[in-house]
Amino acid sequence: MLGTGSAFPTHSYNACFAIRTPGLLWLTDGGGGNGIFRTLEQAGIMPTEIHHVFVTHSHTDHIFGVVWLMRKIVHLRMQGLYEGSLYIYANQETSHALTEICRLTFLESYFNVLQEIMVLRPADTGSHYQIGDAEVSFFDVGSENVSQAGMKMRLDDGKTIVALGDEALTRLNMHEAKGADVLICGAFCRYADRKIYKPYEKHHWTVRDVAEIAEGINVGNLVLVHSEDRTPDKPDAYRAEAKEFFSGKITVPVDGERLQL
Ligand SMILES: [Zn+2]
């Protein structure tokens, strides 16, 4: 888990994560800035080994870290240090935003190199790819905020990881998450703290909301991210609330935490 925070965290980086399997390194989102470099370094991931990046949606706290990463990769390519293509998985809206931000903010020579190495792959509902030893499919998470993609990754051993970007597990996407061994989704704050953090105004949901739905769909490990970061002992506090409604495993990671699948 490279970052676990929502949009304005001061004690954590914005929510983003990497998955490493024997045959694939997969990045989901980049957070909102060049803090992505520090989190990657701490996780032991080198930009030269990043070739598959899934960008869930076009909001600042998810997309700008990817822009920084692209800039770095272009730089590495110009020095002869980055080989192969950079595959970006995103829906139409997000692909467009990403391309235009790069066009407007990169040196022309950088943008030209980016166009040579970047391969945009649709992450719309029904898009489906075999990548390394993983099978990945995409779907719309039904966000009220923005057009946003979720993914389901099936590994060689049959285990599945479902990720919903910064969207919570809701009635609109629960069928996609059904039976997931690992479900990574947004939980903005505890239900108990809803008056402080006002999740519903932002179309976000609470730990309790997510836990209640997860209980009915046989999730193995419920991983809650994209939350506020001011609650003292947040992992324990969130787990305690989730446990009242969900009987499976609950993980409330902090930045840099490594989960074994
Ligand atoms: Zn977000």
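The values are calculated or read from the model by the stated rules, or taken from the named source; none is laboratory data. Just so it is clear, the model here is predicted, and its values are computed rather than measured. Note that we place each Cβ from the backbone using ideal geometry, even for glycine, and neighbour counts take in every protein chain shown. All accessible areas refer to the heavy atoms of the entire protein, side chains included, with ligands and DNA or RNA removed. Shrake-Rupley method; radii C 1.70, N 1.55, O 1.52, S 1.80 Å.
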Legend entry - Pick from segment 185-201, criterion in contact (Cβ under 8 Å) with a residue 40 or more places away in the chain and open to solvent by 10 Å² or more (accessible area, probe 1.4 Å), ranking: farthest from the ligand (Cβ to nearest atom): Ala192
Inset, instruction - Could you check, for segment 103-113, whether at least one of its residues is touching a strand residue (DSSP E or B) at 6+ places or on another chain (Cβ under 9 Å) and open to solvent by less than 60 Å² (accessible area, probe 1.4 Å)? - result: no
Inset, instruction - Could you run through segment 13-22 and say how many residues are part of a loop (DSSP other than H, G, I, E, B) and either at pLDDT 95 or above or within 16 Å of Lys152 (Cα to Cα) (or both)? - result: 2
Legend entry - Subset of segment 66-82 that is touching a residue at least 12 places away in the same chain (Cβ under 8 Å) and not in a helix (DSSP H, G or I) - its residue that is nearest to Leu2 (Cα to Cα): Tyr82
Legend entry - Total residues in segment 134-171, condition of a type in the set (Gly, Ala, Ser) and open to solvent by 10 Å² or more (accessible area, probe 1.4 Å): 6
Inset, instruction - Quick one: in segment 42-65, of everything that is in a helix (DSSP H, G or I) and within 13 Å of the ligand (Cβ to nearest atom), which residue is nearest to the chain's Cα centre (by Cα)? - result: His62
